[in-house]
Amino acid sequence: MFSDCRSVRSIFLALGMCCCHWVAAAERPNVLWFVVDDMSANFSCYGETAIHTPHVDRLAREGTKFANAFVTAPVCSPCRSSLITGMYQTSIGAHQHRSGRGVEKIHLPEGVPLVPALFQEAGYFTCNGNGLPNAGRTRKTGQGGGVGLGKTDYNFEWDASIYDGSDWNAREPGQPFFMQVQLAGGKLRGGSDAAARMLSELARQEFGEAVRAEDVKLPPFYPRDPLLLRDWAAYLDAVRFTDRHVGEVLARLENEGILDNTLILLMTDNGISHARGKQFLYNEGTQMPLVVRGPGIAKDVVRDDLIEHIDLAAISLAAAGIPIPKTMHGRDVFANDYAPREAVFAARDRCDETVDRIRSVRTDRFLYIRNFHPRRPHLQPNAYKDGKSIVQTLRGLHDAGKLDELTETLLFSPTRPAEELYEWTRDRWQVRNLADAPAYRQTLESLRARLDGWIIETNDPGPESEKMYDSDMAVYVGEGNPAVEKNIALMKKWAKEGK
């Protein structure tokens with residue numbers, strides 16, 4: 001897909017030619033992304049009080065923190081597919097989670113480049129790993145990434161040669177690098193109560209103490225069940241381990257004398273993995289931390305304009321003096337002529353074997369969500385989520401009639417409203433649906449029209465063809481797994497019923 005030849009544009013960059021706010025070749029910064037799995041903005045600089053995160057706090061203090069940053073997809077592979085292209089996942093056919101990995105392949109539309117390829121063409125050393133000093137150069141080997149490379153998880157065919165290795169220590173002297181540091185984040189706590197307990201014990205060993213379950217503050221729709229409290233406490237300890245890893249990378253950059261010439265961007269690929277978080281379009285699933293530190297970035301600044309995670313691509317390219325493709329949806333939010341967005345958008349589609357289609361538009365006050373399958377429950381059967389102790393516990397409490405009305409309504413109603421409207425800046429957890437309130441009718445109609453316009457303008461392809469039920473979908477998500485096969489059969493049944 002990509003060759004080692006340098007384009008005309010790259011030659012101009014190498015000569016230090018300028019356009020707009022390009023920088024001279026000798027002054028080009030390194031660019032480093034921290035990309036964290038399954039974590040919301042539970043850092044102390046974002047207001048979390050149960051833990052202290054000094055290293056992420058340092059990034060915020062020495063850079064710019066974004067208070068209202070959101071992913072365009074609340075699950076790993078669509079989010080990462082859009083991140084690495086700077087485009088909405090729905091526009092490039094990458095919106096169905098973990099698709100294109102069997103017989104049916106997904107190819108990007110013509111003219112859509114990957115961010116590492118653009119950096120590579122501009123003379124950067126491109127790498128993807130853990131960012132620690134013991135990492136070594138490991139060359140790419142195939143579609144899933146090379147040996148030693150960090151997480152990619154792209155939903156389309158791509159050439160692994162876009163990455164030169166797993167770490168910047170193999171670059172040529174003086175060569176700038178583009179590095180993605182991949183962190184397990186919330187996944188560190190695992191999916192079982194036993195795994196959560198193990199992480200808490202490790203936190204006691206490493207930090208001297210673990211987060212106490214009794215100190216945990218849960219969203220109002222999660223019961224204060226001992227298992228859920230232990231899980232959330234372990235999650236907060238996972239945030240601490242993530243912060244420590246960030247600190248180790250920062251220390252390495254300092255020791256190598258390149259910290260001040262490195263643009264650092266930290267984000268997460270979706271919110272906490274929970275019943276109403278990951279995979280869903282509420283704040284718990286889509287709101288992410290975003291902190292940017294580096295050359296030309298204002299220090300100790302908090303911005304509250306609406307940001308989409310695809311903006312990382314444009315920010316990074318602009319900082320390196322690389323032209324931003326005209327097709328890219330992401331924006332350089334630090335540009336002198338940047339006009340803040342009036343709205344941001346998000347989409348959730350099939351996650352593994354579980355079919356769904358949800359779209360949202362968010363302004364600085366309201367969040368509008370459209371459920372295209374309102375006759376299906378919020379917690380549809382899903383082998384991945386149903387394998388987690390927290391969801392198993394919630395289902396058990398539901399079956400035993402031990403959940404309060406709010407939890408039953410939000411998590412276990414047999415159907416969902418076709419439209420949801422929340423004043424999200426006041427209703428932090430989105431529990432009061434205003435869609436049927438007469439006083440908000442004009443707002444509802446305005447946001448409904450705005451979402452319709454976005455769907456058309458960005459070429460949202462609509463629902464997935466039913467032929468995927470008879471394709472090789474199960475090959476990737478769990479061939480031979482009874483739970484997956486049972487869920488696929490249920491999806492087929494619901495599809496025939498028009499549900």
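Just to confirm the number: angle between the C-alpha axis of helix 193-207 and the first principal axis of the chain, 0 to 90 degrees, nearest 10?
Helix 193-207 sits roughly 40 degrees off the main axis of the chain.
May I ask you to sort 110, 254 by Cβ crowding, counting other Cβ atoms within 10 Å and putting the fewest first? Each step should come with its number before you reach the end.
Numbers: 110 5, 254 12.
Placing the least packed residue first, the sequence is 110, 254.
Helix 226-255: angle to the longest alpha-carbon principal axis of the chain, degrees 0 to 90, nearest 10?
0
Using per-residue counts of other Cβ atoms within 10 Å, averaged over each peptide, order 80-91, 437-448 from highest down. Let's see the in-between values first.
Details: 80-91: 26.4, 437-448: 13.9.
The peptides rank, most packed first, as 80-91, 437-448.
Return an integer: the convex hull volume of the alpha-carbon atoms of the stretch 203-278, in Å³ per residue. Show your work: numbers first, answer last.
On the way: hull volume 8.4 nm³, N = 76.
Cα-based convex hull of the stretch 203-278, divided per residue, equals 110 Å³.
DSSP loop (so not H, G, I, E, B), at most 14 other Cβ within 10 Å: list which GluC sites (Glu not before Pro) in the stretch 178-242 pass both filters.
Counting only loop positions with at most 14 other Cβ atoms within 10 Å, the GluC sites (Glu not before Pro) in the stretch 178-242 are 209.
When the helix-only estimate is applied to the chain (DSSP H runs of n ≥ 4, each -39,500 (n - 2.57), divided by the residue count), what is the mean residue ellipticity at 222 nm, nearest 500 deg cm²/dmol?
Details: 14 runs with 149 residues, N = 499.
Rounded to the nearest 500, the figure is -9000 deg cm²/dmol.
Give me the percent relative contact order of the chain, please, defined on Cα pairs under 8 angstrom at least 6 residues apart. Please report the intermediate quantities before stating the final value.
Values: 1023 pairs, mean separation 106.6, N = 499.
This gives 21 percent for the chain.
Kindly flag which residue pairs out of 187/496; 278/499; 151/492; 151/493; 187/326; 217/278 have an alpha-carbon separation exceeding 29 Å in this structure. Write down the numbers at each step before the final one.
Details: 187/496 36 Å; 278/499 23 Å; 151/492 32 Å; 151/493 35 Å; 187/326 36 Å; 217/278 18 Å.
Exceeds cut-off: 187/496; 151/492; 151/493; 187/326.
Calculate the radius of gyration of the Cα atoms of the stretch 8-342 to one decimal place, then report Dmax, the largest Cα-Cα distance, as a whole number, both in Å.
19.4, 62
For the stretch 347-496, divide the Cα radius of gyration by the Kirkwood radius and give the resulting Rg/Rh value with two decimals. If you can, show how the numbers build up before the last one.
Values: Rg = 17.3 Å, Rh = 17.3 Å.
A ratio of 1.00.
Quick query: amide H of residue 321 versus all other amide H atoms, modeled in the peptide plane; which residues come in under 5 Å with a sequence gap of 5 or more or a different chain?
Here 23 satisfy the definition.
log₁₀ I(q)/I(0) of the stretch 140-285 at q = 0.10, 0.17 Å⁻¹, via Debye over equal Cα point scatterers, no solvent, to two decimals?
Those come out to -0.48, -1.09, one per q.
Residue 194 to residue 175: extension gain in nm, 0.36 nm per residue of separation minus the Cα-Cα distance? Walk me through the numbers before you get to the answer.
Details: separation 19, 0.36 × 19 = 6.84 nm, distance 4.56 nm.
Taking 0.36 nm per residue and subtracting the Cα distance, the gain is 2.3 nm.
Pull up the cross-link candidates among the lysines for residue 299, meaning alpha carbon to alpha carbon under 22 Å and not fewer than 8 places away within one chain.
Straight-line reach from residue 299, under 22 Å: 65.
Read-outs: derived from the displayed coordinates by stated rules, not from any lab. These numbers come from a predicted model, not from an experiment. Ideal geometry is used to build each Cβ from the backbone, glycine not excepted, and the neighbour counts take in all protein chains shown.
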